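The values are calculated or read from the model by the stated rules, or taken from the named source; none is laboratory data. Because the structure is predicted, anything quoted here is derived from the model rather than measured. Every residue, glycine as well, gets a Cβ built from its backbone with ideal geometry; the counts of neighbours run over all protein chains shown.
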Amino acid sequence: MTTNELMPIPGIVKADGEAPQFHPGECVVISARFPIGHYRVPLYIRGKTAVVEAVIEPPAVNNEEEGFGRNAGTKRHYYRLAIPLRELWPGYAGSASDGLRIEVSESWLESR
Amino acid sequence: MTASGNLIQRLPTEMGGLPAGPIERVEHELKPWEKRCHALADVLDYHRIINTEEKRCGVEALGREIVSALSYYERWIVAFANILFRKQLMTPEELAVKMDEVAARHSQETYNAICKHKAGRRSFFRRAEARDGSRHYRSHGPIRRLRSFSRSRVGFNRRAAPRWLAHRRTSIPRTGVVDGYSQPIQIDLRIDQR
Amino acid sequence: MHPHDHTPSIDDAPGYYAIMETAIRELLVEKHLIGPEEIRRQIEVLDSRTPALGAKVVAKAWLDPEFRARLLANGRAACEELGITFYDDTQLIVLENTDKIHNLIVCTLCSCYPRPVLGSPPDWYKLNPYRARAVKEPRKVLAEFGTPIEEDVEIRVSDSTAAVRYLVLPLRPAGTEGFSEDELASLVTRDAMIGVMKVNTVRRNIQ
């Protein structure tokens with residue numbers, strides 16, 4: 001379903017997190033922070049650069065906070081990111097086009 | 001960053017990129033309790049008593065040693081226990097008492113089934129408790145007759161006690177649990193173990 | 001325990017964790033936190049989810065281009081068209097294999113798997129070696145499964161970390177022209193839908 005033909009009605013204010021911050025094709029950087037206790041962003045992609053392949057809809061509760069019992073709150077988008085495997089693993093022996101696809105929360109991403 | 005800092009910053013369940021050996025293509029049919037454990041996780045998630053992410057967090061919180069030592073669903077059930085305690089939905093004591101009750105119930109059922117199977121033929125024996133509290137089987141029919149017979153004027157030597165009444169002590173562990181949860185209980189049986 | 005089926009033995013006694021599971025479940029029911037029939041009901045749901053469901057989805061996608069397009073656009077909605085309900089909050093992204101792209105799925109943080117459409121994952125998927133190596137050396141992992149991938153084919157490894165689950169839509173093998181949907185479904189294995197194997201025309205049971 002595409003809404004390209006439709007113009008949004010002016011004057012609507014979106015709540016926090018309703019509009020995705022990043023879009024397919026954009027370059028983003030995964031934050032290089034190292035929380036303890038619980039996380040859903042693997043160590044091997046921290047600080048890496050990625051390309052947004054898709055915006056996952058609908059936005060969802062922050063899953064790291066969910067781990068501590070927070071079942072509600074502001075919802076944010078998750079993004080399916082693409083990262084070449086040779087950028088993750090020094091000396092990667094496979095094809096240069098081999099890549100990782102992974103979902104990461106908006107709260108972990110910054111514009112490049 | 002100290003070496004111990006690396007241990008803290010990596011969750012015990014995170015594996016990506018770590019050195020590892022060959023992949024053994026093992027699989028097994030889920031045991032009934034494992035299926036029930038998985039169903040329990042789904043039901044707890046529906047009710048938002050323990051959501052899926054809390055379960056993951058609970059498994060991570062078990063720490064490396066336990067995560068390595070326990071199997072997949074064993075980790076889940078221990079994590080559930082811990083989370084339920086923390087949420088004050090049950091206490092450790094309640095769970096311990098209930099576990100004893102469940103174990104005893106299963107022990108009795110298993111024991112009953114073994115006895116029923118091994119009895120095979122009509123048994124002359126009944127369970128009894130000796131005065132010292134030890135449990136053993138004591139024959140009521142034939143031995144009593146023999147005793148009264150032996151006291152009779154006819155005399156004991158006239159009829160020798162049948163061989164199958166010879167006192168034999170046999171032990172069956174009450175439970176097969178090898179996890180150390182319960183000690184095998186020795187039962188003295190004067191029963192023909194055929 | 002089935003005393004009628006075999007010689008009962010001490011090995012039928014439940015282990016420590018089975019006792020713990022029973023105790024927790026009974027306490028939760030006593031405290032009215034869960035209903036007495038909910039676990040049994042959910043086991044029925046779980047037992048009904050097997051790789052045969054995924055195989056039907058794949059076979060239909062091979063035969064029906066419009067279904068395939070809907071499947072690739074929204075995996076969960078397309079599965080729900082076939083009655084495969086998703087009893088949790090997960091979404092499904094179906095990953096299409098082509099002549100130039102081969103997809104593989106893994107969960108390096110835990111064991112996320114498209115359970116509503118494939119059932120329970122095999123042990124090897126949940127154990128450390130697969131989870132450690134699939135993201136780092138997928139070609140070697142695939143070779144160990146007997147699935148070498150040509151150098152000019154791109155491998156995409158999808159690591160599940162959030163609410164999305166994956167299903168690989170394998171390439172339809174050559175020589176299957178004229179096969180019915182059921183015949184096609186019988187070729188599709190669980191391991192092909194994880195991405196560690198390809199589908200070939202040798203018929204075998206769903207694994």
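Table for the structure above
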quantity	calculated
In segment B:80-94, the residues that are within 7 Å of chain C (Cβ to nearest Cβ) and either in a loop (DSSP other than H, G, I, E, B) or among the aromatic types (Phe, Trp, Tyr) (or both)	B:Phe80, B:Leu89, B:Met90
Boolean, C:Arg76 is within 28 Å of A:Glu57 (Cβ to Cβ), without any contact (Cβ under 8 Å) to a residue 40 or more places away in the chain and either touching a helix residue (DSSP H, G or I) at 6+ places or on another chain (Cβ under 6 Å) or facing another protein chain (nearest Cβ under 9 Å) (or both)	no
Entirely in segment C:122-180, the helices (runs of 4 or more DSSP H) that have 3 or more residues that are closer than 30 Å to A:Ala60 by Cβ	C:123-126, C:128-133
Candidates A:Glu65, A:Glu57, A:Glu53 - the one that is in a strand (DSSP E or B) and at pLDDT below 95	A:Glu57
When residues of segment C:150-177 are limited to those that are over 22 Å from the mean Cα position of the chain (by Cα) and of a type in the set (A, V, I, L, M), the one modelled with the lowest pLDDT	C:Ala174
Verdict on B:Val102 being surrounded by 14 or more Cβ atoms within 10 Å (Cβ to Cβ), assigned to a helix (DSSP H, G or I) and of a type in the set (A, V, I, L, M)	yes
Some residue of segment B:3-22 being surrounded by 15 or more Cβ atoms within 10 Å (Cβ to Cβ), of a type in the set (D, E, K, R) and in a helix (DSSP H, G or I)	no
Enumeration of residues in segment C:111-147 that are within 7 Å of chain B (Cβ to nearest Cβ) and in contact (Cβ under 8 Å) with a residue 24 or more places away in the chain	C:Ser120, C:Pro122, C:Tyr130, C:Arg131, C:Ala132, C:Val135, C:Val141
Within segment C:29-69, tally of residues that are over 24 Å from C:Ser120 (Cβ atoms), out of contact with any strand residue (DSSP E or B) (no Cβ under 9 Å at 6 or more places or on another chain) and in contact (Cβ under 8 Å) with a residue 12 or more places away in the chain	2
When residues of segment A:81-110 are limited to those that are in a strand (DSSP E or B) and more than 9 Å from chain C (Cβ to nearest Cβ), the one surrounded by the most Cβ atoms within 10 Å (Cβ to Cβ)	A:Leu81
All positions within segment C:62-71 that are more than 17 Å from the chain's Cα centre (by Cα) and either closer than 24 Å to A:Pro58 by Cβ or of a type in the set (Lys, Arg) (or both)	C:Phe67, C:Arg68, C:Ala69, C:Arg70
Matching residues in segment B:55-66 - criterion: being surrounded by fewer than 16 Cβ atoms within 10 Å (Cβ to Cβ) and part of a helix (DSSP H, G or I)	B:Arg64, B:Glu65, B:Ile66
Any chance B:Pro19 is modelled with pLDDT of 95 or more, more than 25 Å from the chain's Cα centre (by Cα) and not charged (D, E, K, R)	yes
Test: B:Ser139 is over 16 Å from C:Ile19 (Cα atoms) and either within 14 Å of chain C (Cβ to nearest Cβ) or modelled with pLDDT of 50 or more (or both)	no
Residue within segment B:13-24 that is out of contact with any Ser or Thr (no Cβ under 6 Å at 6 or more places or on another chain), hydroxyl-bearing (Ser, Thr, Tyr) and without any contact (Cβ under 8 Å) to a residue 24 or more places away in the chain present	no
Residues of segment A:68-80 satisfying the condition of being in a strand (DSSP E or B) and either under 22 Å from B:Asp45 (Cβ atoms) or acidic (Asp, Glu) (or both)	A:Lys75, A:Arg76, A:Tyr78
Scan of segment B:27-48 for residues that are farther than 16 Å from C:Tyr87 by Cβ and either crowded, with 20+ Cβ neighbours inside 10 Å or facing chain C (nearest Cβ under 7 Å) (or both), ordered by number	B:Glu27, B:His28, B:Leu30, B:Trp33, B:Glu34, B:Arg36, B:Cys37
Enumeration of residues in segment C:99-110 that are away from chain B (no Cβ under 12 Å) and either aliphatic (A, V, I, L, M) or crowded, with 18+ Cβ neighbours inside 10 Å (or both)	C:Ile101, C:His102, C:Asn103, C:Leu104, C:Ile105
Count of residues meeting criterion [within 18 Å of A:Ser111 (Cα to Cα), surrounded by 14 or more Cβ atoms within 10 Å (Cβ to Cβ) and either more than 14 Å from chain B (Cβ to nearest Cβ) or in contact (Cβ under 8 Å) with a residue 24 or more places away in the chain (or both)] in segment A:19-67	19
